[in-house]
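Reading through the structure tokens given below for one structure.
The values are calculated or read from the model by the stated rules, or taken from the named source; none is laboratory data. Bear in mind that the values here come from a model prediction, so they are computed numbers and not experimental data. Virtual Cβ from ideal backbone geometry, glycine too; neighbours counted across all protein chains shown.
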Amino acid sequence: MTNSESTETVFLQILWDWLRERQSLIRSPFFPVLFSLIIYLSCCFPYVCLDLLCSRLALVRRFKIQPQSQLTWATACGCLRKILRNHACFIFPLSVVHWYWKAVVSPPLAPDTLSVVRDVLACLLLFDTQYFLWHLLHHKVSWLYLVFHKEHHRYTATFSLTTEDTSVWEMLSLFFFTTLNPAILDCHPLTEMLFFITNIYLSVEAHSGYEFPWSTHRLVPFGLYGGAQHHDLHHLKFKVNYAPYFTHWDRLFGTLQGEHTDTEVKKHRL
Ligand SMILES: [Zn+2]
Ligand SMILES: [Zn+2]
């Protein structure tokens with residue numbers, strides 16, 4: 001084991017011990033729904049602030065993928081109301097059922113760094129495949145699109161709060177994929193939490209409507225990762241970029257499109 005690996009593993013152990021000391025909170029049936037809501041709103045918050053500053057600051061507009069689109073308070077409040085309602089009416093009862101059937105286990109040892117990275121990446125690749133197939137099916141079969149997926153396409157320009165602005169069926173499908181993958185791979189509970197946080201962050205980033213020099217797709221080499229530009233194009237053009245994160249499935253199915261063209265953006269401005 002190298003020095004840096006041992007430092008990271010020690011950090012994971014400190015974090016895991018800290019969480020284990022709060023067993024009563026983690027074992028509470030309220031924990032999953034509160035955790036999901038807090039992580040989601042924390043990931044959205046910086047982007048919502050940028051959206052509200054966008055019309056005043058040219059510096060912020062420089063990074064916006066569709067600078068003509070503007071978030072209003074009314075739209076933001078509508079999205080927030082829907083997110084709170086969905087968490088209270090659907091995610092909470094489901095997480096109580098999950099809590100009742102599957103006891104929370106807390107082994108004394110934290111996972112090592114390598115297994116965390118490997119398992120989180122494997123969960124993301126599985127999620128990417130499952131959502132790609134779900135998404136493709138819900139675009140190809142028109143009644144599935146109209147009944148279950150159209151609700152997520154209300155906006156042709158993305159902003160962070162559109163991430164969970166979906167129909168109940170789509171939200172439950174995503175919730176199912178997210179909880180299924182760590183169970184299939186028998187992940188450590190800490191890895192499961194870290195996957196959950198990474199998954200929410202990447203989904204929000206993909207819907208953020210911003211391209212920064214530090215955006216995930218710029219950090220992953222060889223065009224393997226799509227990111228915000230790709231998903232914004234999906235909302236603009238409907239028939240491209242079905243995978244949420246990586247590009248390999250769209251490349252294989254011939255549905256990958258990389259960049260916005262000025263003409264496309266101008267066409268949607270009219
Ligand atoms: Zn779609
Ligand atoms: Zn979307």
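Can you find a residue in region 32-41 that is within 21 Å of D232 (Cα to Cα), within 26 Å of the chain's Cα centre (by Cα) and not basic (K, R)? Give the steps one after another, and end with the answer.
From region 32-41, those within 21 Å of D232 (Cα to Cα) are 40-41; that's our starting set.
From what's left, within 26 Å of the chain's Cα centre (by Cα): 40-41.
With the extra rule that they be not basic (K, R), the set shrinks to 40-41.
Within region 32-41 (the criterion being within 21 Å of D232 (Cα to Cα), within 26 Å of the chain's Cα centre (by Cα) and not basic (K, R)), the answer is yes, since at least one residue qualifies.
Restricting to region 67-114, and then to whatever is exposed (fewer than 15 other Cβ atoms within 10 Å of the Cβ) and hydroxyl-bearing (S, T, Y), can you tell me which residue is modelled with the lowest pLDDT?
Filtering region 67-114 for residues that are exposed (fewer than 15 other Cβ atoms within 10 Å of the Cβ) and hydroxyl-bearing (S, T, Y), the one modelled with the lowest pLDDT comes out as Y100.
What helices (runs of 4 or more DSSP H) completely inside region 1-96 contain at least 2 residues that are among the β-branched types (V, I, T) and over 21 Å from P111 (Cα atoms)?
On the way: elements: 3-20, 23-26, 31-54, 58-61, 73-86.
In region 1-96, the matching helices (runs of 4 or more DSSP H) lie at 31-54, 73-86.
Would a scan of region 2-11 turn up a residue that is touching a Gly at 6+ places or on another chain (Cβ under 9 Å) and either touching a residue at least 60 places away in the same chain (Cβ under 8 Å) or of a type in the set (D, E, K, R) (or both)? So that I can check it myself, show each step before the final result.
If we filter region 2-11 for residues that are touching a Gly at 6+ places or on another chain (Cβ under 9 Å), which is where we start, we get none.
Taking every residue of region 2-11 in turn, none turns out to be touching a Gly at 6+ places or on another chain (Cβ under 9 Å) and either touching a residue at least 60 places away in the same chain (Cβ under 8 Å) or of a type in the set (D, E, K, R) (or both).
For region 125-138, check the following and say yes or no: at least one residue is crowded, with 20+ Cβ neighbours inside 10 Å and either among the β-branched types (V, I, T) or away from ligand 1 (no atom under 12 Å from the Cβ) (or both).
Scanning region 125-138 turns up at least one residue that is crowded, with 20+ Cβ neighbours inside 10 Å and either among the β-branched types (V, I, T) or away from ligand 1 (no atom under 12 Å from the Cβ) (or both).
Looking at L194, L180, can you tell me which residue is buried (at least 17 other Cβ atoms within 10 Å of the Cβ) and in a helix (DSSP H, G or I)?
Working: L180 fails: buried (at least 17 other Cβ atoms within 10 Å of the Cβ).
Only one candidate qualifies: L194.
For region 130-152, state whether one or more residues are among the hydrophobic types (A, V, I, L, M, F, W, C), in contact (Cβ under 8 Å) with a residue 24 or more places away in the chain and not in a helix (DSSP H, G or I). Can you show your working first?
Initially, region 130-152 is screened for residues among the hydrophobic types (A, V, I, L, M, F, W, C), giving 132-134, 136-137, 141, 143-144, 146-148.
With the extra rule that they be in contact (Cβ under 8 Å) with a residue 24 or more places away in the chain, the set shrinks to 132, 134, 136.
Now restrict to residues that are not in a helix (DSSP H, G or I): none.
No, every residue in region 130-152 fails to be among the hydrophobic types (A, V, I, L, M, F, W, C), in contact (Cβ under 8 Å) with a residue 24 or more places away in the chain and not in a helix (DSSP H, G or I).
Given the residues L34, L52, which is the only one that is under 30 Å from H230 (Cβ atoms) and surrounded by 12 or more Cβ atoms within 10 Å (Cβ to Cβ)? Before you say what the answer is, go through the steps one by one.
On the way: L34 fails: under 30 Å from H230 (Cβ atoms).
The match here is L52.
Take region 154-165 and flag every residue that is more than 8 Å from ligand 2 (Cβ to nearest atom) and under 16 Å from the mean Cα position of the chain (by Cα). Show your work before the answer.
Let us first name the residues in region 154-165 that are more than 8 Å from ligand 2 (Cβ to nearest atom), namely 154-157, 159-161, 164-165.
Those that are more than 8 Å from ligand 2 (Cβ to nearest atom) and under 16 Å from the mean Cα position of the chain (by Cα): F159, S160, L161, E164, D165.
For I65, indicate whether it is in contact with a strand residue (DSSP E or B) (Cβ under 8 Å, 6 or more places away or on another chain) and within 16 Å of H207 (Cβ to Cβ).
Judged against the criteria, I65 is a match.
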